[in-house]
């Protein structure tokens, strides 16, 4: 890039995403007329050069997502015309002299997130006079101590749109119970700190208020229910009774992984805009509120890991947009019923159903299989993730977008797996660890799109239906710990995507199908079935070879002949004294970043995601 240093009249230079590496070229110090310098999304290393201060006409400097190290050079404070400074997603370290940076009077966007800065609370100096700043992001550093009064209550009161302090070691506010006098703030992210005491009260303008994963206690002020434009709420503490008032403005309500007790509050009102509700990993008790049917836009409902006692909420089948229903690890009981001729139990868009670890006691819900339309059609064209996208206008005509991915924990291929993102084409049913009884219905084959099917740890009996072989999208099939009998249908060898197959601890008999995926399954997939011929592929025990040695066992029949058994790819020969021979061939796989922000700055939206360290 040395030739660029000769272009002394250049006023705009972008080499973003060009896979460039090495130090930032020293020849660029000659570009004294440059106003925009964008070197983001590369592999530049070393320190930010001190000569950067020579480029005094710079309006935008973006070095985001590189491998830069060391402190911010003092010379950078000479860039008095800077409007946008983005140093996020590097390995910069040292002490942030935040007061000096904020004395850059024209600065509107300052992003220092995901570095290794480690200022103490003393680094937040007590005087700052900045009335232009719209974005301040210090997320994912090592900032410790209390947040001083000047930062939220004196800084850019009429311009600040985004304040992101998540994932640091902040312990609280100097004035926690006073509403900041912001008039433009839309996003306030305080997650993953060490905040103590009561929940800080946000300004009335806020859209996204995130405070989870702290040590907040006590009741949440009813003031929070007066917020009229809130779309994302994620907090800890005791729930206010006025929570349902928010449903007409909220789109995301995430109370996951707290210590909430008692019944789930009346969350939804007519006209609710909620698209995702996550109450999982709390200690909620009682029943699902009837008002939940008013959440007509709801796409994901996660009530897993609580202490709820209720019957199956078939009334939620009226929710035409519901795609995810998770009730795992509760005390739901009884039958899975729906009222014929009504919308109860229809669930037209349901793709993920997890009822595991409850007390349902009934036959499998065959009548519902016919109604779950989204599980019948394989649509691999849906390559997006299930998420909610919100946007709002920021100063300067910019648009900010905030993406919240739907989350869940589910057993996948025998392992409890956390999903930070859920692909839209995923179809999964987990009914394990209940008291389901009776046979597996033949018409289960109608659910063509199912990829994960777990019916383990129940009281299912009868034969494994050959129609399961028609679920050719299956990647995981777990029928273990039941009372299934008969043979393993040869039709299951058609399941070429099958990565996990488990029929252990049943009452199965006969040979194991051969071919396709079956040679990849180990002994544990079949153990606990005394009637299965536990030898040959895929098992470690080899079957007897009659050509090399005497038969492994023989049983005389009443005519004096022997019945010989030999399996694997061999022929089963039934020899009788009469000379009759019958052959059977056994023929047979925000963060900004984690909640991704897309900031439209100059050249368009940029997705900010940190590269892994080498």
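Okay, residues lined up against (1) in a loop (DSSP other than H, G, I, E, B); (2) farther than 20 Å from residue 87 by Cβ; (3) touching a helix residue (DSSP H, G or I) at 6+ places or on another chain (Cβ under 8 Å):
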| residue | (1), (2), (3) |
| --- | --- |
| 4 | no, yes, yes |
| 10 | yes, yes, yes |
| 13 | no, no, yes |
| 27 | no, yes, yes |
| 33 | yes, yes, no |
| 37 | no, no, yes |
| 40 | yes, no, no |
| 44 | no, no, no |
| 52 | no, no, yes |
- Those residues of the range 248-264 that are part of a loop (DSSP other than H, G, I, E, B) and over 17 Å from residue 226 (Cα atoms) come to a total of 7
- Among the residues of the range 508-520, is there at least one that is surrounded by 23 or more Cβ atoms within 10 Å (Cβ to Cβ), in a loop (DSSP other than H, G, I, E, B) and modelled with pLDDT of 90 or more? no
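Restricting the search to the range 88-106, which residues are closer than 15 Å to residue 63 by Cβ and at pLDDT 80 or above?
Taking the range 88-106 as the starting set, the residues that turn out to be closer than 15 Å to residue 63 by Cβ are 88-93, 101.
Hits for the range 88-106 are 88, 89, 90, 91, 92, 93.
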- Query: Which of the residues that make up the range 427-446 are buried (at least 21 other Cβ atoms within 10 Å of the Cβ) and over 17 Å from residue 362 (Cβ atoms)?
  - Reply: 427, 428
- Note on the structure: Among strands (runs of 3 or more DSSP E) completely within the range 146-214, the ones holding 3 or more residues that are closer than 17 Å to residue 225 by Cα and at pLDDT 80 or above are 208-210
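In the range 521-533, what residues are at pLDDT 85 or above, surrounded by 14 or more Cβ atoms within 10 Å (Cβ to Cβ) and touching a strand residue (DSSP E or B) at 6+ places or on another chain (Cβ under 8 Å)?
So in the range 521-533, the residues at pLDDT 85 or above come out as 521-532.
Within this subset, residues satisfying the condition of being surrounded by 14 or more Cβ atoms within 10 Å (Cβ to Cβ) are 521, 525-529, 532.
Answer for the range 521-533, where residues must be at pLDDT 85 or above, surrounded by 14 or more Cβ atoms within 10 Å (Cβ to Cβ) and touching a strand residue (DSSP E or B) at 6+ places or on another chain (Cβ under 8 Å): 521, 525, 526, 529, 532.
The values are calculated or read from the model by the stated rules, or taken from the named source; none is laboratory data. Bear in mind the structure is a predicted one, so any value in this text is a computation, not a measurement. Cβ: placed from backbone, ideal geometry, glycine included. Neighbour counts: every protein chain shown.
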